[in-house]
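Notes for the one structure printed next.
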Amino acid sequence: MEVLRRILLCLFTIAAIMTWFAPAEKMYLIEKVDFTNELEHHPYPWKYKGKSVSQYVDEVTKDRTYSIASDQWKNITAEIGSSEFFFVKSGNQKIQQFIPYFSQQLSKIYLRHGPENDFISIRLLSPGDYSYKKAPRSYQTPYYLWSSFLFLIGIFFYAFLPCYQFSDDTLHYGAGFRAVIGPDMIGLFFISLFFVLGLVVGLSGSSGGILSLFSSNLFLITCGLWSFTLFGFYIIKIGAKYAGLALT
C-alpha cells in the first residue's frame with residue numbers, strides 16, 4: 001500500500017502538469033478585413049509595390065474566397081461586435097461548416113457578402129503561430145482547470161489510503177515529516193520540476209497538440225530532462241521503504 005500511495009500521487013501529479021500545459025491542437029481567428037491598411041503595412045511591401053488595393057485584394061483572396069448568405073454573415077459579425085477580431089475553438093458549431101475549406105496548404109480563407117464585397121477572414125491557428133498566443137488562456141490550454149482537481153486527487157490518495165500497520169511491540173520509523181513525508185515531497189519536487197522543464201522545452205519545438213511533443217525537434221532534450229525525474233522517483237522509493245521498515 002505504501003508503494004501504491006506514492007505511485008498514485010506521482011501519476012496524478014504528472015497528469016495535472018500535462019493538463020496545465022497541454023495546448024489546443026488548433027483554433028480559429030476571425031477578423032474584420034481592411035485591405036487598404038493591410039497593403040500599407042504589409043510586412044513585405046516590395047511584393048506588392050505599385051499595385052492598387054483592388055489588385056491586392058484579387059491576389060490575396062484568389063482561390064480562397066467563399067460567398068455566404070445574409071444569416072451566416074449576421075451570425076459571424078454579431079460575434080465580432082465592435083472588436084476587430086475574436087477567437088473560436090475548433091469545436092464551435094459556427095465554424096464547422098467552414099472547416100472543410102482548410103487544408104495543409106490553406107490556413108486562411110475569406111468570407112464575402114453583399115454587393116459591396118465586404119470581407120471577413122478566418123485563419124487556422126496552431127500553437128506555433130504568433131496570434132495563437134494572443135488568445136485567452138482557456139482557448140490555448142483548454143484543460144488547465146482540471147489540473148488542480150487531478151493534483152488534489154493524488155494528494156487525497158496519498159493522505160487517506162491506509163499506511164502500513166505495525167504491531168504495537170515492533171520498532172519502526174515514524175510516519176513523520178523527516179522520516180517519510182519529507183523524502184516524498186522532495187522526490188515529488190524533482191519529478192515535477194524536470195517533467196515541467198521537459199514538457200515546456202518539447203512543446204516550444206512543436207506546432208501541434210500534446211502528442212506533437214513526440215515529434216518535436218527538441219524531443220531529445222525533453223527526454224534528457226525527463227531522465228532526471230528518475231532521481232525523484234528514487235527518493236520517493238526510499239520514503240516508501242522506510243515507511244514499511246521494521247527495526248530489528
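The values are calculated or read from the model by the stated rules, or taken from the named source; none is laboratory data. Since we're looking at a predicted model, the values are computed, not measured. Note that we place each Cβ from the backbone using ideal geometry, even for glycine, and neighbour counts take in every protein chain shown. Just the protein is used for accessible areas: all its heavy atoms, side chains included, with ligands, DNA and RNA removed. Shrake-Rupley method; radii C 1.70, N 1.55, O 1.52, S 1.80 Å.
Here is how the numbers come out for the structure above:
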item	result
Scope the stretch 73-96; condition in a loop (DSSP other than H, G, I, E, B) and either under 21 Å from Lys133 (Cβ atoms) or modelled with pLDDT of 80 or more (or both); matching residues	Ser83, Glu84, Ser90, Gly91, Asn92
Enumeration of residues in the stretch 186-230 that are assigned to a loop (DSSP other than H, G, I, E, B) and without any contact (Cβ under 8 Å) to a residue 24 or more places away in the chain	Gly205, Ser216, Asn217, Leu218
Matching entry among Gln55, Gln97 (being farther than 30 Å from Ser204 by Cα, surrounded by 10 or more Cβ atoms within 10 Å (Cβ to Cβ) and either of a type in the set (Phe, Trp, Tyr) or within 29 Å of the chain's Cα centre (by Cα) (or both))	Gln97
Sole residue being open to solvent by 70 Å² or more (accessible area, probe 1.4 Å) and at pLDDT below 85, chosen from Leu197, Leu230, Leu220, Leu211	Leu211
Test: residue in the stretch 151-165 that is within 30 Å of Ser90 (Cβ to Cβ), within 18 Å of the chain's Cα centre (by Cα) and at pLDDT 75 or above	yes
Which listed residue is open to solvent by 50 Å² or more (accessible area, probe 1.4 Å) and over 32 Å from the mean Cα position of the chain (by Cα), from Lys47, Lys74	Lys47
Scan of the stretch 1-42 for residues that are in contact (Cβ under 8 Å) with a residue 12 or more places away in the chain, within 30 Å of Thr61 (Cα to Cα) and polar (S, T, N, Q), ordered by number	Thr36
Residue list for the stretch 43-62, filter: free of Cβ contacts under 8 Å to residues at least 12 places away in the same chain and touching a Leu at 6+ places or on another chain (Cβ under 8 Å)	Tyr48
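Table: residues versus (1) in contact with a Phe, Trp or Tyr (Cβ under 8 Å, 6 or more places away or on another chain); (2) surrounded by fewer than 17 Cβ atoms within 10 Å (Cβ to Cβ).
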| position | (1), (2) |
| --- | --- |
| Gln104 | no, yes |
| Leu111 | yes, no |
| Ile120 | yes, no |
| Ser126 | yes, no |
| Ser131 | no, yes |
| Pro136 | yes, yes |
| Pro142 | no, no |
